[in-house]
Amino acid sequence: MKNFFIVIFVLLSFVQCKAQTPEELAAQNKEIDSTKVILPDEQHVKINQIITRLLSRYHYRRAELNDSLSQEIYDQYINVLDNNKLYFLKKDVESFEKYRNEFDTYLLTGELEPAYDIFNVFKTRLNERIKYVDNQLKSEFDFTLAETYTPDRDEAEWAKSIEELNEIWRKRVKNDALNLKLAGKEWDKIVETLENRYHRFHKVILQYNTEDVFQIYMNAFGYVVDPHTSYFSPITSENFQIDMSLSLEGIGAQLTSDNDYTKVAQIIAGGPAEKSEQLFEDDRIVGVGQGDDGELIDVIGWRLDDVVQLIRGKKGTTVRLSVLRPEMTPDMQPDLIKIVRDKVKLEERAAKSDILDIEQDEYNFKLGLIDLPSFYIDFDAQRKGETDYKSTTRDVKKLISDLKKENIDGLIIDLRNNGGGSLQEAIDLTGLFIETGPVVQVRNTDGSIEVGEDSNPSVVYDGPLAVIVNRYSASASEIFSGAIQDYGRGIVIGEQTFGKGTVQNLINLKRLVPSTKNKLGELKLTVAKYYRINGSSTQHKGVVPDITFPTVLGSHEYGESSRTSALPWDTIRSSNFKRISDIDEFIPELLKRHNERMKKSIEYEFRLEDIEEYKEARNRKEFSLNEDIRKTERDEREKRKEARDEERQKLAELKLKEKGEVGTTESKIDDFELEESARILADLILQGYS
């Protein structure tokens, strides 16, 4: 994953950064000391050896240190520093080749100089790029020439000379300038924006200290072993331990870095962003403004923690975001949205219920809906002995009781975008729908297998059940939906889930060196894997729904399978369990009816068009640097988008007028997946399943 380790560093370090005003964040000193050579700290030698021993002996994979692993670590470290081949020259990389087969030895002995030597060369090349950008911006580009720009250089060769690298950067800066010009900026404002953008991005990296470099190097090692294994430096570890409720103060969105962009990784359930219905996963935030009329600050190339500081603020205040949607190219006009900041409360993230009225084959169905954003539990209240503490299972049990009083014909559990949470809650929640039995298997590093079981014989709901999942459903969501599928207790609908089937422990390294007074950071180590009760790992494959919906994101783009070092999918012996029903025999007819509806569905057509347009934009390799051509392309895309939006609006208005006929509640009118899932469940009931 591009910029993965730098992302890890900034993602976990933002919470305790000294607060700065937007003006302070936007105005940075451009003078950077690029001559200072960074050297390893003496204590890093010992920490390096401890981490190496832990990964070799106690990691689930028990990676063997050899030349093969050394080559992977070397490649990953180079990739972390320069994943798009924009800084190092071919001769630099050739000079590093002497280290390729030696990193296994370096890790055992604690020799750190090679990693620092590579970083110091990188630092020098960064400074050269700053000077080149400044020189390029002294005169305006000629946007009438027939030139093209290729932003993705992942498969490209390393530049053989400074001149060749300069040409790559000339087109890169010209492309950025053209995007700003197409957005309506004059040349002097373009220069100011790009100077700030590049100086800021480079300054952050050039100011890395010895601890930063050590962390990047150790995480290159950890990632090669497993993408969820990582080293937290002392300061990063401290930030990680801070009450995470603080990080939810603001708009309620988890952000990550994707090359020069700040991307929305997840919308927090119950937060301002979700309530606004304006910001979504995979949106890229390119500008941030304060209040209704504050200046929009360009944040492309910024550190993630600085962008977070701009977005966060006091409850009740407004932040404006300039957003590029996933299908938008950088030259398109971003959407401008407003969100009022607030604090995400546990109650707002809790399970909620609703009722869907569906008319199917001249029958009226009343279907219960439980929207479950996470598998939560109030540990503090539980430890204090409070009798009314909140938990997923307790809340869902009460909601089901209320829905049963409404005489529902079936129940839908919506796990879309549910990234997981408490394992025990996933087990207990499954217990509401089965009598007793295994729910999940956990295989430890030593090969031993533990089974998480539901031991409560009471069943809260035994009627028709559907579970909706998507690509963002992970971990505990996969355990619950997988168990429901394995027992044949209900039908699973949606997209293939994320596929995270590993368990991590956090190890305080100071416990291993009690004699030192210094803080040593922590190591997040993968120590076990989850398996379904049928013996299949949830790793990589996750849960494949019984009936699938088309998706923008494939497994190679998002999910565990997109990570090259992810632990493999495998199987173990099945648990001793008995299927509740033969629900599989109903699937062919359900699928047939679903496909017939999709052939007539305008919304389904829209979905397929959106997916194709997204893939087309994502797969595009070259972009014209001619202003007229780019403007024409942009205008055509925006016209297509406006036409589709108008069609959708007309369809929504039509459905509102014929609400009873289409059979969905007004509050869910725009949720195509939910409505179709309800219809699939209605079909299941019509077939005689109970």
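The values are calculated or read from the model by the stated rules, or taken from the named source; none is laboratory data. None of the values given here were measured: they were computed from a predicted structure. Note that each Cβ is placed from the backbone with ideal geometry, even for glycine, and that neighbours are counted across all protein chains shown.
The residues on offer are GLU450, GLU478, and the sole one that is at pLDDT 95 or above, among the acidic types (Asp, Glu) and buried (at least 24 other Cβ atoms within 10 Å of the Cβ) is GLU478.
For the residues ASP414, ASP342, the requirement of being buried (at least 18 other Cβ atoms within 10 Å of the Cβ), under 29 Å from the mean Cα position of the chain (by Cα) and within 30 Å of TYR689 (Cβ to Cβ) singles out ASP414. Looking at the structure I just gave you, is ALA381 buried (at least 20 other Cβ atoms within 10 Å of the Cβ) and of a type in the set (Gly, Ala, Ser)? It is false that ALA381 is buried (at least 20 other Cβ atoms within 10 Å of the Cβ) and of a type in the set (Gly, Ala, Ser).
Scanning the range 611-651 for residues that are under 28 Å from VAL173 (Cα atoms) and among the polar types (S, T, N, Q) returns ASN619, SER624, ASN626, THR632.
The set of residues from the range 513-529 being touching a strand residue (DSSP E or B) at 6+ places or on another chain (Cβ under 6 Å) and not acidic (Asp, Glu) comprises GLY521, LEU523, LYS524, LEU525, THR526, VAL527, ALA528, LYS529. The residue list ARG640, ARG573, ARG644 contains one member that is exposed (fewer than 13 other Cβ atoms within 10 Å of the Cβ) and part of a helix (DSSP H, G or I), which is ARG640. Restricting the range 503-553 to residues that are of a type in the set (Gly, Ala, Ser) and touching a residue at least 12 places away in the same chain (Cβ under 8 Å), the residue that is farthest from ASP446 (Cα to Cα) is GLY521.
Return the residues of the range 652-689 that are over 32 Å from the mean Cα position of the chain (by Cα), at pLDDT 70 or above and under 25 Å from ARG416 (Cα atoms); say none if nothing qualifies.
ALA682, ASP683, LEU684, ILE685, TYR689
On the stretch given as the range 558-616, residues that are under 28 Å from GLY437 (Cα atoms) and either of a type in the set (Val, Ile, Thr) or not assigned by TED's automatic domain parsing to the domain that holds SER473 (or both) total 5.
On the given criteria, is LEU279 surrounded by 21 or more Cβ atoms within 10 Å (Cβ to Cβ), outside the structural domain of TYR149 (by TED's automatic domain parsing) and of a type in the set (A, V, I, L, M)? It is true that LEU279 is surrounded by 21 or more Cβ atoms within 10 Å (Cβ to Cβ), outside the structural domain of TYR149 (by TED's automatic domain parsing) and of a type in the set (A, V, I, L, M).
Every residue, every condition in (1) over 30 Å from ASN619 (Cα atoms); (2) in a loop (DSSP other than H, G, I, E, B), yes or no:
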{"residue": "ARG511", "(1), (2)": "yes, no"}
{"residue": "LYS519", "(1), (2)": "yes, yes"}
{"residue": "LYS529", "(1), (2)": "yes, no"}
{"residue": "ASN534", "(1), (2)": "yes, yes"}
{"residue": "LYS541", "(1), (2)": "no, yes"}
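Restricting to the range 108-141, name every residue that is of a type in the set (D, E, K, R) and outside any helix (DSSP H, G or I). The answer is GLU111, LYS138, GLU140. The number of residues in the range 30-60 that are under 22 Å from ILE235 (Cβ atoms) and modelled with pLDDT under 50 comes to 1. Residue count for the range 592-630, restricted to those that are modelled with pLDDT of 85 or more, among the polar types (S, T, N, Q) and closer than 18 Å to MET328 by Cβ: 1.
For the range 460-472, indicate whether the set of residues that are basic (Lys, Arg) and within 20 Å of the chain's Cα centre (by Cα) is non-empty. Yes, that holds for at least one residue. Does ILE400 qualify as being in contact (Cβ under 8 Å) with a residue 24 or more places away in the chain, in contact with a Phe, Trp or Tyr (Cβ under 9 Å, 6 or more places away or on another chain), assigned to a loop (DSSP other than H, G, I, E, B) and not acidic (Asp, Glu)? No: the conditions fail for ILE400.
Restricting attention to the range 69-97, and to residues there that are farther than 15 Å from PRO227 by Cβ, at pLDDT 95 or above and of a type in the set (S, T, N, Q), which single residue is farthest from the chain's Cα centre (by Cα)? So the residue we want is SER95. Working only within the range 82-104, note down all residues that are under 16 Å from SER70 (Cα atoms) and of a type in the set (Lys, Arg). Hits for the range 82-104 are LYS98, ARG100. No other residue among THR105, THR144 is among the hydroxyl-bearing types (Ser, Thr, Tyr), in a helix (DSSP H, G or I) and in the same structural domain as LEU54 (by TED's automatic domain parsing) apart from THR105.
For the residues LYS615, LYS621, the requirement of being in contact (Cβ under 8 Å) with a residue 12 or more places away in the chain, farther than 30 Å from VAL442 by Cα and in a loop (DSSP other than H, G, I, E, B) singles out LYS621.
If you take the residues of the range 364-382 that are of a type in the set (S, T, N, Q) and not in a loop (DSSP other than H, G, I, E, B), which of them is nearest to the chain's Cα centre (by Cα)? That would be GLN382. If you go through the range 63-122 and pick out every residue that is within 20 Å of THR35 (Cα to Cα) and of a type in the set (Val, Ile, Thr), you end up with 2. Annotation: of all residues in the range 206-246 being among the β-branched types (Val, Ile, Thr) and within 23 Å of the chain's Cα centre (by Cα), the one that is modelled with the lowest pLDDT is ILE242. Against the criterion of being at pLDDT 95 or above and over 26 Å from ASN534 (Cα atoms), LYS405 qualifies.
Taken over the range 151-172, the criterion of being surrounded by 12 or more Cβ atoms within 10 Å (Cβ to Cβ) and under 25 Å from the mean Cα position of the chain (by Cα) is satisfied by PRO151, ASP152, ARG153.
Scanning the range 280-298 for residues that are of a type outside the set (Phe, Trp, Tyr) and not in a strand (DSSP E or B) yields GLU281, ASP282, ASP283, GLY291, ASP292, ASP293, GLY294, GLU295, LEU296.
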